[in-house]
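So the structure is just underneath, and the comments pick up after that.
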Amino acid sequence: MKVLITGGAGFIGSAVVRRAVADGFDVVNLDVLAYSANLENVAEVAGSPRYAFEQADICDPAAVKAIFARHQPDAVMHLAAESHNDRAIDGPLDFVRTNVMGTAVLLEAARGYWTDLPADRKAAFRFHHVSTDEVFGALGEDGAFTEDTPYDPNSPYSASKAGADHLVRAWGRTFKLPVVITNCANNYGPFQFPEKLIPTVVLRAMEGKSIPVYGDGRQVRDWLHVDDHADALLTVLQKGRLGETYCIGGDSNLRNIEVIKILCAHLDKLAPSNVKHESRIEFVADRPGHDFRYSIDAAKLKAELGWEPRTPLAEGLEDTVRWYVENRDWWQGIRDRGFHSERLGLAAV
């Protein structure tokens, strides 16, 4: 099977690319190489005859159409997106452009390509849209998101992803494009760009800087190792029922402050400093519209497709800290390009 993966130089996309090539898929990686993308993330498969790279913008209809024609994929896995909530507060229209318009352009290109396929290939084709649990809004002290949870996005980022989800369903129902959607929990692991919580904590601590904690740090997230997510996505691609949505969670719910303290404890062992890393914690103004709690019930995915997360959170967090400690050249290159984990997203307050 040849799969066109959009956003394949990003954090989750590159994990899917690496796993897909290892599993014997032919992969076409379509990425515009925006600020958070990095071809070093896919260096281990770059020389494989099963891998091809196309630098293009998913908002460019001609470029996307040409890539479909040139590579003739059997499926699409759409992961290209602007994804940082703080950045969405400062520049929401960038998120609307990429996440909404880009998805619409990709859907139209896929529809035109799929319509002209021979009957056997047309029947086997599918468009897999990868989304987030943030489209469901915020939970209170209990409960969990399921595939039937109503949409209630609270941020420009989550609203743009919700818009993309609705477009995918519309193309499926109106044009009969064979689609499937997944909504995932918070991902973590190697190669994550240092604007998200876990790499921000690890890198700033290693640099002797303060560790910012939004609000009181009591926000709860369900944590999913990126390799487990990649496994789930490829499982859905191959086995998921068309027209369905599958929620993907890690069964690992912790408050942000708890995660940060665990990271600090691992850093004390793996990157010791003259002070305990936990002493660097600094509580700062919360993000506008910050959702209190996310949690995913992945029972449908487990029951129908037999998928289970494999990485215990305690083990995954330690391995992630170790990766950043041992791969300083990777993140130092990001620092050298001018990104220093500066605070964003305060324009609305």
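Observations on the structure shown:
- Candidates V96, V100, V130: the one that is under 22 Å from F11 (Cα atoms), in contact with a Leu (Cβ under 6 Å, 6 or more places away or on another chain) and either among the basic types (K, R) or modelled with pLDDT of 95 or more (or both) is V130.
- Residue that is nearest to F95 (Cα to Cα), among those in the stretch 109-157 that are surrounded by 19 or more Cβ atoms within 10 Å (Cβ to Cβ) and of a type in the set (D, E): E134
- Flag for E258 being over 15 Å from I211 (Cβ atoms), surrounded by fewer than 19 Cβ atoms within 10 Å (Cβ to Cβ) and modelled with pLDDT of 95 or more: no
- From L224, L237, residue being outside any helix (DSSP H, G or I), surrounded by 16 or more Cβ atoms within 10 Å (Cβ to Cβ) and in contact with a strand residue (DSSP E or B) (Cβ under 7 Å, 6 or more places away or on another chain): L224
- Here P288, P272, P309 are screened, and the one residue that is surrounded by fewer than 20 Cβ atoms within 10 Å (Cβ to Cβ) and under 22 Å from the mean Cα position of the chain (by Cα) is P288.
- Filtered residues of the stretch 291-305 (kept if in contact (Cβ under 8 Å) with a residue 40 or more places away in the chain, surrounded by fewer than 18 Cβ atoms within 10 Å (Cβ to Cβ) and small (G, A, S)): A299
- Count of the stretch 86-104 residues which are of a type in the set (D, E, K, R) and not in a helix (DSSP H, G or I): 0
- For the stretch 277-320, filtering for residues that are out of contact with any helix residue (DSSP H, G or I) (no Cβ under 7 Å at 6 or more places or on another chain) and either among the hydroxyl-bearing types (S, T, Y) or closer than 24 Å to K239 by Cβ (or both) leaves 10.
- Screening S83 against (1) at pLDDT below 95; (2) in a helix (DSSP H, G or I) leaves a single unmet condition, (2).
- All positions within the stretch 13-55 that are of a type in the set (A, V, I, L, M) and buried (at least 18 other Cβ atoms within 10 Å of the Cβ): A15, V16, V17, A20, V21, V27, V28, L30, V32, A37, V42, V45
The values are calculated or read from the model by the stated rules, or taken from the named source; none is laboratory data. Note that the structure is predicted; figures quoted are calculated from it, not measured. All Cβ positions, even for glycine, are placed from backbone atoms using ideal geometry, and neighbour counts span all protein chains on display.
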